[in-house]
């Protein structure tokens, strides 16, 4: 009995192993079970083409990826056999598919659904059954539901007595309870974090105990109702977790040719340093639906985290590390980062951080090998950031972009709009600011925010003036009527009282595209400063139509230098330089007029990046 297979299916990215599968394997083996993992998403990536597969993974419009497996999962109950959903695809997405060599995107997607998906599932069924395990577990996040339901249904039809267990973010809270109630292929589900419930469930299964009575596990009673005893709360002792086991991912990827032609394994190794969000515990960002019932912030000890990064990197011969933390533990700046710097490793690390980091903290990230960050910028308007509950101002976001560009750190960020209470002026101000920032990294994209279950936008909608909340329309083209979408959906459509029209945001979106194009061009915009005591040379190459060089001496150089490190008030600059506040205010106004500084309320910031003289 004590044999289990843990399956990772589309549409998880093929560029990294599943942390969930790797952790659960370790927990299963501790419980005395023989455990195999199968990253069958890799097989589908090869089948459809790896670049095309990743584009499907990243798609966040209609529920396209789940739709591709809907007929396979629900058969005659699938709600869109005529493929009406394909008519709703955004032209930009179709253009991306065409750029990958697909001339008729809709015909290609239809062939995926009707021909390749059934053949793929047949091969997956054979692969799982070959391991002869009576228990199969599925991890499901975002658009992994219907592939898992489809495969589970085939496995149960082919193997009498086979038991399925589901878990992952798609099974948090009421969503998981609804899938247990309505999807026959789901026998059990781990609701929320499974570090405690999963081993206890395995123990009950192996001993013939009542597996449905385990806290944190949901199951379906004979009368169709759902049985569920809530867990005792989020798991606290992160140091006690096993090291993730990614062996099968790498062996499968090698067998499928993922590393052919590569000098090494440029695979992001998922590493967990912390769970929850210390900022969200105090001020839950209005649009964030992460963490569900586990917002409480917990982190691993510095030595455990460092040992894990070192061990995984050495074992799997990859220098790319992707922390999955929602936010960095700020104590790591005094513990983990200095030790990473001392080790002198060639790691390329990704981390999520808060955007109001100080310049010395950004420098510490760079010295430690953190080359990519996601700081949650989301807007360059302080009033909009306040509506988001971000606890940061636009001028701080700009300063983070400055110092990340200076230190060579790649920033993943977006501009969002559509917030309750926003005004046209907030976007006119951002539009006026963008030309000054052309030398900095532009956003990866921009658009209207979406509503996620568990976010304040959803849970506090009456307070925020949000009405007409309903599951995103495309869910109805994926899931049959037997599933209550009001309980199972994660994304929702809605209306905001007094919402601004899309035309308000269009000029900003167009300006962002120009910014992105300029950064891809042959002459990348620049604004940099060579500095010495009492002397400053600014070179402004942000606008291809004009360029300028400014030689600043004496007070002017001193004043500009006083605002180089971080947003600073006139009064603080006066104390630091000994110059009169009126003189500083006059100079700052002139720099602001020339677009060389940014001014926001009482704060000002030099926009040039510091540079060393060429050799």
- Task: Please go through the range 455-472 and pick out each residue that is free of Cβ contacts under 8 Å to residues at least 60 places away in the same chain, surrounded by 14 or more Cβ atoms within 10 Å (Cβ to Cβ) and closer than 30 Å to residue 68 by Cβ.
- Result: 469, 470, 471
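Test residue 417 against the criterion of being farther than 21 Å from residue 520 by Cβ, surrounded by fewer than 21 Cβ atoms within 10 Å (Cβ to Cβ) and within 20 Å of the chain's Cα centre (by Cα), and give yes or no. Before the answer, list the steps.
Working: farther than 21 Å from residue 520 by Cβ: yes; surrounded by fewer than 21 Cβ atoms within 10 Å (Cβ to Cβ): no; within 20 Å of the chain's Cα centre (by Cα): yes.
No; evaluated as a whole, the condition is false for this residue.
Across the range 558-600, what is the total count of residues that are outside any helix (DSSP H, G or I), in contact with a strand residue (DSSP E or B) (Cβ under 9 Å, 6 or more places away or on another chain) and loosely packed, with under 15 Cβ neighbours inside 10 Å?
In the first step, residues of the range 558-600 are kept if they are outside any helix (DSSP H, G or I); the result is 563-569, 578-580, 594-600.
Filter again for in contact with a strand residue (DSSP E or B) (Cβ under 9 Å, 6 or more places away or on another chain), leaving 563-569, 594-599.
Then drop every residue that is not loosely packed, with under 15 Cβ neighbours inside 10 Å, which leaves 594.
Matching residues across the range 558-600 total 1.
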- Report whether or not residue 157 is touching a strand residue (DSSP E or B) at 6+ places or on another chain (Cβ under 6 Å) and more than 15 Å from residue 229 (Cα to Cα). no
- From the set of residues in the range 58-79 that are in a loop (DSSP other than H, G, I, E, B) and at pLDDT 95 or above, which is nearest to residue 120 (Cα to Cα)? 69
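To keep it simple, each residue is scored yes or no on (1) within 30 Å of residue 447 (Cβ to Cβ); (2) surrounded by 23 or more Cβ atoms within 10 Å (Cβ to Cβ); (3) out of contact with any strand residue (DSSP E or B) (no Cβ under 8 Å at 6 or more places or on another chain).
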| residue | (1), (2), (3) |
| --- | --- |
| 33 | no, no, no |
| 40 | no, no, no |
| 43 | no, no, yes |
| 57 | yes, no, yes |
| 74 | no, no, yes |
| 90 | yes, no, yes |
| 95 | yes, no, yes |
| 100 | yes, no, yes |
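For every residue, the table says whether it meets (1) over 16 Å from residue 512 (Cα atoms); (2) in a helix (DSSP H, G or I); (3) in the same structural domain as residue 86 (by TED's automatic domain parsing).
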{"position": "415", "(1), (2), (3)": "no, no, no"}
{"position": "425", "(1), (2), (3)": "yes, yes, no"}
{"position": "428", "(1), (2), (3)": "no, yes, no"}
{"position": "434", "(1), (2), (3)": "no, yes, no"}
{"position": "463", "(1), (2), (3)": "yes, yes, no"}
{"position": "467", "(1), (2), (3)": "yes, no, no"}
{"position": "470", "(1), (2), (3)": "yes, no, no"}
{"position": "479", "(1), (2), (3)": "yes, no, no"}
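From the list 86, 109, exactly one residue is without any contact (Cβ under 8 Å) to a residue 40 or more places away in the chain, assigned by TED's automatic domain parsing to the domain that holds residue 53 and buried (at least 19 other Cβ atoms within 10 Å of the Cβ). Which is it? Spell out the reasoning first.
On the way: 109 fails: without any contact (Cβ under 8 Å) to a residue 40 or more places away in the chain.
One residue alone meets the criteria, 86.
Please pick out the residue among 448, 461 that is in contact with a helix residue (DSSP H, G or I) (Cβ under 8 Å, 6 or more places away or on another chain) and over 24 Å from residue 592 (Cα atoms).
On the way: 461 fails: in contact with a helix residue (DSSP H, G or I) (Cβ under 8 Å, 6 or more places away or on another chain).
One residue alone meets the criteria, 448.
Do you know which residues across the range 172-185 are closer than 21 Å to residue 241 by Cα and either not in a loop (DSSP other than H, G, I, E, B) or not assigned by TED's automatic domain parsing to the domain that holds residue 11 (or both)? Spell out the reasoning first.
As a first pass, look at the range 172-185 and keep what is closer than 21 Å to residue 241 by Cα: 172.
Result: no residue meets the conditions.
Residues 507, 443: which one is in a loop (DSSP other than H, G, I, E, B), in the same structural domain as residue 411 (by TED's automatic domain parsing) and touching a helix residue (DSSP H, G or I) at 6+ places or on another chain (Cβ under 7 Å)?
Details: 507 fails: in a loop (DSSP other than H, G, I, E, B).
Being in a loop (DSSP other than H, G, I, E, B), in the same structural domain as residue 411 (by TED's automatic domain parsing) and touching a helix residue (DSSP H, G or I) at 6+ places or on another chain (Cβ under 7 Å) holds for just one of 507, 443, which is 443.
How many residues, within the range 379-392, are touching a helix residue (DSSP H, G or I) at 6+ places or on another chain (Cβ under 8 Å), touching a residue at least 60 places away in the same chain (Cβ under 8 Å) and outside any helix (DSSP H, G or I)?
Taking the range 379-392 and keeping what is touching a helix residue (DSSP H, G or I) at 6+ places or on another chain (Cβ under 8 Å), we get 379-385, 389, 391-392.
Imposing the further condition that a residue be touching a residue at least 60 places away in the same chain (Cβ under 8 Å) reduces the set to 382, 389, 391.
Filter once more, keeping what is outside any helix (DSSP H, G or I): 389, 391.
Qualifying residue count for the region: 2.
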- Note on the structure: Reported set for the range 326-342 where residues are surrounded by fewer than 17 Cβ atoms within 10 Å (Cβ to Cβ) and in contact (Cβ under 8 Å) with a residue 12 or more places away in the chain is 330, 331, 335, 338, 339, 341
- Could you look through the range 540-557, keep only residues that are within 40 Å of the chain's Cα centre (by Cα) and crowded, with 17+ Cβ neighbours inside 10 Å, and pick out the one that is nearest to residue 392 (Cα to Cα)? 542
- Message: Quick check on residue 337: is it touching a strand residue (DSSP E or B) at 6+ places or on another chain (Cβ under 9 Å), at pLDDT 95 or above and assigned to a loop (DSSP other than H, G, I, E, B)?
- Response: no
- Note on the structure: Log entry, pairs with first residue in the range 574-586 being closer than 10 Å to residue 559 by Cα, second being surrounded by fewer than 13 Cβ atoms within 10 Å (Cβ to Cβ), beta carbons closer than 7 Å, six or more apart or on different chains, reads 574/580
- Message: Among the numbered criteria (1) at pLDDT below 95; (2) more than 24 Å from the chain's Cα centre (by Cα), which one does residue 180 miss?
- Response: (1)
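So, residue 93, is that one part of a helix (DSSP H, G or I) and closer than 24 Å to residue 452 by Cα or not?
Yes; evaluated as a whole, the condition is true for this residue.
Here is a yes/no grid of residues against (1) buried (at least 17 other Cβ atoms within 10 Å of the Cβ); (2) at pLDDT below 95; (3) touching a helix residue (DSSP H, G or I) at 6+ places or on another chain (Cβ under 7 Å):
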site	(1), (2), (3)
218	yes, no, yes
234	yes, yes, no
242	no, no, yes
257	no, yes, no
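Answer yes or no as to whether residue 10 is modelled with pLDDT of 95 or more and more than 20 Å from residue 152 (Cα to Cα). Lay out the reasoning, then the answer.
Numbers: modelled with pLDDT of 95 or more: yes; more than 20 Å from residue 152 (Cα to Cα): no.
No, not satisfied.
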- Task: Find all pairs meeting these conditions: Cβ atoms under 9 angstrom apart; at least six residues apart or on different chains; first residue within the range 393-413 and on the phi > 0 side of the Ramachandran plot; second residue part of a helix (DSSP H, G or I).
- Result: 408/366
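Just need a number here: residues in the range 236-255 that are closer than 13 Å to residue 8 by Cβ and either in the same structural domain as residue 39 (by TED's automatic domain parsing) or assigned to a loop (DSSP other than H, G, I, E, B) (or both).
Taking the range 236-255 and keeping what is closer than 13 Å to residue 8 by Cβ, we get 244-246, 248-249, 252-253.
Subsequent filtering for residues that are either in the same structural domain as residue 39 (by TED's automatic domain parsing) or assigned to a loop (DSSP other than H, G, I, E, B) (or both) retains 244-246.
Qualifying residue count, the range 236-255: 3.
Counting just the residues of the range 186-208 that are without any contact (Cβ under 8 Å) to a residue 60 or more places away in the chain and outside any helix (DSSP H, G or I), which one comes out farthest from the chain's Cα centre (by Cα)? Write out each step before concluding.
To start, the set of residues in the range 186-208 that are without any contact (Cβ under 8 Å) to a residue 60 or more places away in the chain comprises 186-191, 196-197, 200-201, 204, 207-208.
Keeping just the survivors that are outside any helix (DSSP H, G or I) gives 186-191, 196, 208.
Numbers: 186: 27, 187: 30, 188: 28, 189: 24, 190: 22, 191: 21, 196: 25, 208: 40 Å.
Here the answer is 208.
Keeping to the range 140-171, report how many residues are part of a loop (DSSP other than H, G, I, E, B) and surrounded by fewer than 20 Cβ atoms within 10 Å (Cβ to Cβ). Walk me through it before giving the result.
Filtering the range 140-171 for residues part of a loop (DSSP other than H, G, I, E, B) gives 140-144, 159-162, 168.
Of the ones still in play, those that are also surrounded by fewer than 20 Cβ atoms within 10 Å (Cβ to Cβ) are 141-142, 159-162.
Selection size over the range 140-171: 6.
Within the bounds of the range 487-495, is there any residue that is within 22 Å of residue 282 (Cα to Cα) and either under 19 Å from the mean Cα position of the chain (by Cα) or outside any helix (DSSP H, G or I) (or both)?
Step one: filter the range 487-495 for residues within 22 Å of residue 282 (Cα to Cα), giving none.
No, the range 487-495 contains no residue that is within 22 Å of residue 282 (Cα to Cα) and either under 19 Å from the mean Cα position of the chain (by Cα) or outside any helix (DSSP H, G or I) (or both).
The values are calculated or read from the model by the stated rules, or taken from the named source; none is laboratory data. As the structure is a prediction and not an experimental result, all values here were calculated from the model. Heads up, the Cβs are rebuilt from the backbone with ideal geometry, glycines too, and the neighbour counts pull from every protein chain shown.
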